[in-house]
Amino acid sequence: MKKEHLDFYLRIGAKNLGISEKFVDFLEKGDFYLKFFIPFEKRKGELSKIKFEAFLSSKIKGAYFGEINFKEDFEEIEDIAFLNTFSNSLFDFPFGGMCLNIGISEDEYSLWERRLILRNFLENILKIDSFKNSVYIPGKGISNDSIMILYDEIMAKGLNPTLHLLGKTPEIYGFSEIEKIFCELLIFSIETMLEDYGENITNKRITFYGFDKYSDLLIEKFYEKKAKSFIINVEDERFFKVKDEIRSKFRTLLEDEMFAYETDIFIISETGNEISKDRASFLNSKYVIEMKPFSIRPEAEEIISRRGIALLPDIFIKGILNSIYFEEYIKREKEYKEEEIITKLKKKFVGVYRDTLGIGIAKNLSIKKSSYMIALGRIMKLIGTKGV
């Protein structure tokens, strides 16, 4: 459980805002927790029991915004719901946080079977008032195109959900439009951070600590920006599917060697391990990108901040991704063009980033601490503290 990470930052935020810690305790209870099982018959006649869980946090204006995952491990369901809550608030769109897990391994079921299970889950959960007007986005193991197919089927049954699990069918390289936009915005965000120090991506050494579904596309974009080299864990090299000219710029190291090796940008991806204070003490990088949620322990983040290493924290990364889905949701209503959305989101990120940095400097807080302080303050204004 990573809830202690959130608790640490929220209590610092409450102290700086002059809010009672009882409000933090109130938020951490969440709004709604649901667990149920549904029988599912596989093609071979084998009957299995599928576990479903959902957690909702901080309802704002009657709706939630969060993800659905195929994931056997349910331990982080509260953590991800809370992270969605505060990233939504930081980027200032009016939804509480949500996380829904379907307890299967995607490797054990065919695409057809997964779609049946997902449809079953949605049809059951959308009968509950708390879930009817929420916005859902695809998480681990769930593709955008699967959701688009199911959306039409569910609407036809009269459930009429606000089911904005968006995206277009993956293209030849396997990346959806949403993933491409996310990587473009993440690169832009990193460039914005570097600009504060008078730098850019050209000739930068970039470490990928771990691997996730965005890693290949990010490496391609860094390569286009003329990054100098890529430092990869020797155990992860086989997962990267990139062109030979990009692979020629790889340098593979053992995991323990990666922290002491001099680099410019250190990216913590999904399969990377948690960063302890010991590893933070000899991390040899100018910039850190926390793509994996809760991957830097609070005491390690304090060391990183004290050493003057610039950090783009997980709350920002989640906020960038959720903002894309939120703007796609608005696009359906107002018929925005894709280019307009990207321009709008870039402007949005710069505003949030600069404001957060400025408030952090004024209050002598790291960017991660000031992020949670701003998010907490907005939630307090929206839902109030009556009855806390």
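No lab work stands behind these numbers, since they all come straight from the coordinates. Bear in mind that the values here come from a model prediction, so they are computed numbers and not experimental data. Here Cβ is always computed from backbone atoms with ideal geometry, including for glycine, and neighbour counts include all displayed protein chains.
Using C-alpha pairs below 8 Å separated by at least 6 residues, the relative contact order for the range 192-283 is 37 percent.
Taking amide hydrogens as placed 1.01 Å from N in the peptide plane, the amide H of ILE50 sits under 5 Å from those of ILE38, PHE40, each at least 5 positions away in sequence or on another chain. Among the GluC sites (Glu not before Pro) found in the range 52-97, those both in a DSSP coil and sparsely packed, with 14 or fewer other Cβ atoms within 10 Å of their Cβ, are GLU72, GLU75. Are any of the pairs LYS292/LYS318; LYS29/LYS318; LYS292/LYS368; LYS49/LYS71; LYS15/LYS368; LYS140/LYS213 more than 18 Å apart by Cα-Cα distance, and if so, which? Over 18 Å Cα-Cα: LYS29/LYS318. Considering the zone a paramagnetic label at PHE240 would reach in this model (a point 7 Å from Cα along the Cα-to-Cβ line), which residues of the range 186-221 have amide N under 13 Å from it? Output list for this probe position: 205-212, 215-221.
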